[in-house]
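Before any comments, here is the structure.
The values are calculated or read from the model by the stated rules, or taken from the named source; none is laboratory data. In this text, all values refer to a predicted model and were calculated from it rather than measured experimentally. Backbone-built Cβ (ideal geometry, glycine too); neighbour counts: all protein chains shown.
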């Protein structure tokens, strides 16, 4: 994904717009698309800012808050598997996938012990 245009370029475009130039003239001079100028004008009018909107990261993680606290307690109480934790979460009304559980456990610093005694078990 490309980076947003700089604030300097946005400000220069709107200064030209305020001076009376058309969107197409501004776009040709600054080598940007005319729609950028119109979108920046609209953004400045609606929000009062030219700053670009957030790129990515809009979706909050399902396994956070109370659910994360429960997962920490559950993994500390004994060996578990990803599928087992996913099933226990489903019983609690939290629909998720084993991959999401693995991402959470990995971020928490928990590791898998791959041996015959505790195959696929998670340990703190």
- Task: Six or more apart or on different chains, Cβ under 9 Å: which pairs go from a residue in segment 76-97 that's over 22 Å from residue 109 (Cβ atoms) to one that's in a helix (DSSP H, G or I)? Could you list them?
- Result: 92/67; 92/70; 95/89
- Please give the number of the condition residue 107 fails out of (1) under 30 Å from residue 3 (Cα atoms); (2) surrounded by 11 or more Cβ atoms within 10 Å (Cβ to Cβ); (3) in contact with a helix residue (DSSP H, G or I) (Cβ under 9 Å, 6 or more places away or on another chain). (3)
- Query: So which of 35, 64 ends up being in a helix (DSSP H, G or I) and either touching a helix residue (DSSP H, G or I) at 6+ places or on another chain (Cβ under 9 Å) or in contact (Cβ under 8 Å) with a residue 24 or more places away in the chain (or both)?
  - Reply: 35
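Mind telling me which of the residues 9, 14 ends up being in contact with a helix residue (DSSP H, G or I) (Cβ under 8 Å, 6 or more places away or on another chain) and either touching a residue at least 24 places away in the same chain (Cβ under 8 Å) or not in a helix (DSSP H, G or I) (or both)? Give the steps one after another, and end with the answer.
Working: 9 fails: either touching a residue at least 24 places away in the same chain (Cβ under 8 Å) or not in a helix (DSSP H, G or I) (or both).
Result: 14 is the single residue among 9, 14 that is in contact with a helix residue (DSSP H, G or I) (Cβ under 8 Å, 6 or more places away or on another chain) and either touching a residue at least 24 places away in the same chain (Cβ under 8 Å) or not in a helix (DSSP H, G or I) (or both).
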- Query: Do you know which residues across segment 73-82 are surrounded by 15 or more Cβ atoms within 10 Å (Cβ to Cβ) and either in a helix (DSSP H, G or I) or modelled with pLDDT of 85 or more (or both)?
  - Reply: 74, 75, 81, 82
